[in-house]
Amino acid sequence: MNEKTMQKVTYGLYVLTTKEGEKINGCIINTMTQHTTTPNIISITVNKQNYTEELIKKSGEFNVSIIDETAKFDLFKRFGFQSGRDVDKFADFDESEYKILENNIPIILKGVNSYVSAEVIESMDMGTHTLFIAKVTDMDIINDNNSASYAYYHANIKPKKEEVKSKGKVWVCKICGYVYDDEKEAVPFEELPDDWVCPLCKHPKSDFELQE
Ligand code: FE
């Protein structure tokens, strides 16, 4: 079985936002699919570690902002590489960068080309993730920029790999480009515990590769 096969599947990138009580939060997902047009039914899959997943379970409502090719890495850092349990992702977010819709949930305005609002009609426990099936209640196009694919993010938005000169081994996170330089760290990368995660994007140790 070739483990890299799933990399041939194309994915888009989205900022998923919701509101529960006074709590507004959002995260990055790469799984939104339209299943039927009439009625307009979509699904999203959200990691249970994301605070947004917990909020959607309670609120039953969300917006999806469709990320386009003009998006900056900062958007991914804000919504993807920190948790709404620790920080308010909208607290220092410039007001020109988002807008609150009629459902009281924000959408992102910069680096996205459109949005969809939806109400959950069913959810399914997928183990690590929850699958939400939802009915679209509103949607609109913001501009004609090309939607960003996950492959486009890796090739063009994520910071380029910089050659790090070190006497030790250098490990680079494939997701966000974070560098772990054995020479500068107290613990060599290979001796870190299996549940260690990237300090920036929180992806697992297995997403790091050795700089050749
Ligand atoms: Fe990372």
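The values are calculated or read from the model by the stated rules, or taken from the named source; none is laboratory data. These numbers come from a predicted model, not from an experiment. Note: ideal-geometry Cβ built from the backbone for every residue, glycine included; neighbour counts use all protein chains shown. SASA here: full protein model, heavy atoms, side chains in, ligands and nucleic acids out. Shrake-Rupley method; radii C 1.70, N 1.55, O 1.52, S 1.80 Å.
Conditions: (1) under 18 Å from the mean Cα position of the chain (by Cα); (2) open to solvent by 40 Å² or more (accessible area, probe 1.4 Å). Glu22 meets all but one. Number of the miss?
In the conditions (1) under 18 Å from the mean Cα position of the chain (by Cα); (2) open to solvent by 40 Å² or more (accessible area, probe 1.4 Å), Glu22 misses (1) alone.
Being in a loop (DSSP other than H, G, I, E, B) and open to solvent by less than 90 Å² (accessible area, probe 1.4 Å) is the filter; apply it to segment 148-168 and report the residue that is nearest to Ile100 (Cα to Cα).
Among those residues, the one meeting the criterion is Ala148.
Just checking, which of Glu122, Glu69 is open to solvent by 20 Å² or more (accessible area, probe 1.4 Å) and either in contact (Cβ under 8 Å) with a residue 60 or more places away in the chain or under 22 Å from His203 (Cβ atoms) (or both)?
Checking each option against the conditions leaves just Glu69.
If you check Lys174, Lys202, which single one turns out to be under 20 Å from Val15 (Cβ atoms), surrounded by 13 or more Cβ atoms within 10 Å (Cβ to Cβ) and within 16 Å of the ligand (Cβ to nearest atom)?
Answer to the check: Lys202.
Among the candidates Glu162, Glu209, which residue alone is within 15 Å of the ligand (Cβ to nearest atom) and in contact with a Phe, Trp or Tyr (Cβ under 9 Å, 6 or more places away or on another chain)?
Glu209
Please enumerate the residues belonging to segment 82-113 that are on the phi > 0 side of the Ramachandran plot and either in contact with a Phe, Trp or Tyr (Cβ under 6 Å, 6 or more places away or on another chain) or among the small types (Gly, Ala, Ser) (or both).
Correct list: Gly111 only.
Give the residues of segment 183-199 that are surrounded by 17 or more Cβ atoms within 10 Å (Cβ to Cβ) and either touching a residue at least 24 places away in the same chain (Cβ under 8 Å) or not in a helix (DSSP H, G or I) (or both), sorted by residue number.
Hit for segment 183-199 is Cys198, nothing else.
Among (1) under 17 Å from Phe132 (Cβ atoms); (2) open to solvent by 70 Å² or more (accessible area, probe 1.4 Å); (3) within 16 Å of the ligand (Cβ to nearest atom), which single condition is Asp74 missing?
(1)
Test Thr137 against the criterion of being crowded, with 17+ Cβ neighbours inside 10 Å, farther than 20 Å from Phe81 by Cβ and modelled with pLDDT of 90 or more, and give yes or no.
Judged against the criteria, Thr137 is not a match.
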